[in-house]
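J.: This is the structure I want to talk about, given as structure tokens.
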There are 2 protein chains.
Amino acid sequence: MADGQSPQGETLLYLTDEQLRQGAEAMFFAYRGFTADPDRILAGLSYGRAHHRALHFIHGAPGTTVNNLLSILGVTKQSLNRVLRTLIEDGLVESQVGRTDKRERHLYLTADGEALEKQLTDAQRARMRAAFRQAGPEAVAGFRRVLEAMMDPEMRRHYQKLREGRG
Amino acid sequence: MADGQSPQGETLLYLTDEQLRQGAEAMFFAYRGFTADPDRILAGLSYGRAHHRALHFIHGAPGTTVNNLLSILGVTKQSLNRVLRTLIEDGLVESQVGRTDKRERHLYLTADGEALEKQLTDAQRARMRAAFRQAGPEAVAGFRRVLEAMMDPEMRRHYQKLREGRG
DNA sequence: CAGTTTACGTCAGTCTTGTTGACATTCCAA
DNA sequence: TTGGAATGTCAACAAGACTGACGTAAACTG
């Protein structure tokens with residue numbers, strides 16, 4: 001294929017159709033593994049992956065507003081609200097009316113919420129840690145570089161902002 | 001944290017909780033980008049991501065049985081069947097009763113099915129190609145190494161088998 | 001101050017895609 | 001040949017996404 005070679009004749013094997021196909025399949029299979037462990041825990045709690053995501057990002061950005069969470073998660077407010085309502089009812093998330101802008105709701109995890117978030121994240125991180133350790137630091141750096149390049153620009157902004165906020 | 005340093009004192013920065021957390025967020029945001037382009041095409045066709053997956057893997061392994069597809073996709077046969085039925089009704093997939101074992105159905109893409117698969121895959125690959133090109137060959141190798149290590153063993157077997165089947 | 005915009009919540013309805021359970025057909029082996 | 005295992009289909013249901021419409025309160029703006 002024309003894509004197998006660059007104009008300079010330099011081999012770009014990682015850009016052949018077959019390599020791209022394998023990359024896509026790797027994403028598919030790996031994402032399944034990535035979510036498998038927390039999903040198992042959630043199944044017994046009448047919660048789903050959506051609850052995990054909410055807990056994760058509230059934990060990572062305490063005091064975030066509903067609107068901000070919305071744009072990070074990329075779902076509609078109706079969809080998020082269903083999840084958030086159950087989490088608040090169950091005492092895992094606290095919603096505080098904004099001090100300066102009373103229209104806003106600032107979201108925090110309660111002690112119970114932190115506990116569940118930790119449980120879910122620990123399960124997920126065990127697998128990630130093993131994968132990172134096995135692949136080695138250079139592979140991990142490449143992994144992150146490719147993923148970052150694959151994001152939509154707006155998602156990349158969120159990603160980088162979250163990184164900065166935590167150092 | 002105890003995890004920031006290996007017993008030998010060698011820095012393992014990529015295994016800190018914060019790095020693992022960033023890895024998880026990268027997976028989340030990148031997967032959204034990964035599926036965004038084909039999803040846009042599918043939205044106008046009354047098909048969903050499940051249809052794309054079926055087309056993708058039938059394309060990659062023509063003549064595969066329903067059961068084999070089931071274990072690759074990791075869903076129930078009832079779930080797959082709904083998707084498969086619409087694809088067959090719409091003339092994108094052909095189902096042939098097995099010659100030796102009449103319980104089995106062998107699946108093939110029709111010309112129309114191949115055309116849609118190509119359209120979807122091209123959209124997805126354009127983004128992957130850009131990401132791969134931007135990140136460079138070493139990053140791509142690391143990307144794949146980490147993803148492979150992240151898979152469930154059974155999924156990794158499927159992944160490797162698909163690779164072998166195509167060279 | 002009046003009108004508009006923003007932020008949030010909710011009700012109702014739909015769609016995709018996952019799940020169980022029940023059932024028919026086919027193959028194979030005791 | 002009969003019973004179990006494998007394969008696939010039909011029916012019903014649930015989670016979680018979506019749109020659209022509406023309501024309320026607060027903030028902003030001319």
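J.: For the structure I just gave you, tell me whether A:ASP122 is surrounded by fewer than 21 Cβ atoms within 10 Å (Cβ to Cβ), on the phi < 0 side of the Ramachandran plot, more than 12 Å from DNA strand C (Cβ to nearest atom) and without any contact (Cβ under 8 Å) to a residue 60 or more places away in the chain.
T.: yes
J.: Only one of these is on the phi < 0 side of the Ramachandran plot, within 14 Å of chain A (Cβ to nearest Cβ), without any contact (Cβ under 8 Å) to a residue 60 or more places away in the chain and not charged (D, E, K, R): B:LEU69, B:LEU80, B:LEU92. Name it. Write out each step before concluding.
T.: Working: B:LEU80 fails: within 14 Å of chain A (Cβ to nearest Cβ); B:LEU92 fails: within 14 Å of chain A (Cβ to nearest Cβ).
Of the residues listed, the single one that is on the phi < 0 side of the Ramachandran plot, within 14 Å of chain A (Cβ to nearest Cβ), without any contact (Cβ under 8 Å) to a residue 60 or more places away in the chain and not charged (D, E, K, R) is B:LEU69.
J.: Check A:GLY113, A:GLY136 and return the single one that is in contact with a strand residue (DSSP E or B) (Cβ under 9 Å, 6 or more places away or on another chain) and open to solvent by less than 30 Å² (accessible area, probe 1.4 Å).
T.: Result: A:GLY113 is the single residue among A:GLY113, A:GLY136 that is in contact with a strand residue (DSSP E or B) (Cβ under 9 Å, 6 or more places away or on another chain) and open to solvent by less than 30 Å² (accessible area, probe 1.4 Å).
J.: When region B:100-113 is examined, which residues are found to be without any contact (Cβ under 8 Å) to a residue 12 or more places away in the chain and either of a type in the set (Asp, Glu) or more than 11 Å from DNA strand C (Cβ to nearest atom) (or both)?
T.: Let us first name the residues in region B:100-113 that are without any contact (Cβ under 8 Å) to a residue 12 or more places away in the chain, namely B:100-103, B:111.
Across region B:100-113, the qualifying residues are B:ASP101, B:ALA111.
J.: Kindly evaluate B:GLY4 against the criterion of being in contact with a Ser or Thr (Cβ under 9 Å, 6 or more places away or on another chain), at pLDDT below 90 and surrounded by fewer than 20 Cβ atoms within 10 Å (Cβ to Cβ).
T.: Yes: the conditions hold for B:GLY4.
J.: Among the residues of region A:65-79, which ones are surrounded by 18 or more Cβ atoms within 10 Å (Cβ to Cβ) and near DNA strand C (Cβ under 9 Å from one of its atoms)?
T.: A:LEU69
J.: Out of curiosity, is A:LEU116 touching a residue at least 24 places away in the same chain (Cβ under 8 Å), more than 8 Å from chain B (Cβ to nearest Cβ) and under 16 Å from the mean Cα position of the chain (by Cα)?
T.: Criteria not met by A:LEU116.
J.: Then there's this: Consider A:HIS59 against the criteria (1) within 14 Å of chain B (Cβ to nearest Cβ); (2) open to solvent by less than 50 Å² (accessible area, probe 1.4 Å); (3) touching a residue at least 40 places away in the same chain (Cβ under 8 Å): it satisfies all of them except one. Which criterion is unmet?
T.: The one condition A:HIS59 does not meet is (2).
J.: Residue under question is B:GLY33, and the condition is that it be over 17 Å from A:GLU18 (Cα atoms), surrounded by 13 or more Cβ atoms within 10 Å (Cβ to Cβ) and near DNA strand C (Cβ under 10 Å from one of its atoms); does it hold?
T.: no
J.: Looking at the structure I just gave you, is B:ARG49 surrounded by fewer than 16 Cβ atoms within 10 Å (Cβ to Cβ), within 14 Å of chain A (Cβ to nearest Cβ) and closer than 20 Å to A:PRO153 by Cβ? Working first, answer last.
T.: Numbers: surrounded by fewer than 16 Cβ atoms within 10 Å (Cβ to Cβ): yes; within 14 Å of chain A (Cβ to nearest Cβ): yes; closer than 20 Å to A:PRO153 by Cβ: no.
No.
J.: Being at the interface with another protein chain (Cβ under 7 Å from one of its Cβ atoms), free of Cβ contacts under 8 Å to residues at least 40 places away in the same chain and not charged (D, E, K, R) is the filter here, so list the residues in region B:147-167 that pass it.
T.: B:LEU147, B:ALA149, B:MET150, B:MET151, B:TYR159
J.: Turning to a different aspect of this structure: Could you tell me which numbered condition A:VAL97 fails, if it satisfies all but one of (1) away from DNA strand C (no atom under 13 Å from the Cβ); (2) farther than 30 Å from B:LEU12 by Cβ; (3) surrounded by fewer than 17 Cβ atoms within 10 Å (Cβ to Cβ)?
T.: So the condition that A:VAL97 fails would be (1).
J.: Among the numbered criteria (1) surrounded by fewer than 17 Cβ atoms within 10 Å (Cβ to Cβ); (2) closer than 24 Å to B:ARG156 by Cβ; (3) more than 12 Å from every other protein chain (Cβ to nearest Cβ), which single criterion is violated by A:LYS102?
T.: The one condition A:LYS102 does not meet is (2).
Conditions tested, residue by residue: (1) of a type outside the set (Gly, Ala, Ser); (2) within 16 Å of DNA strand D (Cβ to nearest atom); (3) under 17 Å from the mean Cα position of the chain (by Cα).
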site: A:VAL97; (1), (2), (3): yes, yes, no
site: A:ARG103; (1), (2), (3): yes, yes, no
site: A:HIS106; (1), (2), (3): yes, yes, no
site: A:LEU109; (1), (2), (3): yes, no, no
site: A:THR121; (1), (2), (3): yes, no, yes
site: A:ARG125; (1), (2), (3): yes, no, yes
site: A:ALA135; (1), (2), (3): no, no, no
site: A:ALA139; (1), (2), (3): no, no, no
site: A:ARG145; (1), (2), (3): yes, no, yes
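The values are calculated or read from the model by the stated rules, or taken from the named source; none is laboratory data. Note that the coordinates shown come from a computational prediction; the quantities given were computed from them, not determined experimentally. We place every Cβ from the backbone using ideal geometry, glycine too, and count neighbours over all the protein chains shown. Heavy atoms of the whole protein, side chains included, go into the accessibility calculation; ligands, DNA and RNA do not. Shrake-Rupley method; radii C 1.70, N 1.55, O 1.52, S 1.80 Å.
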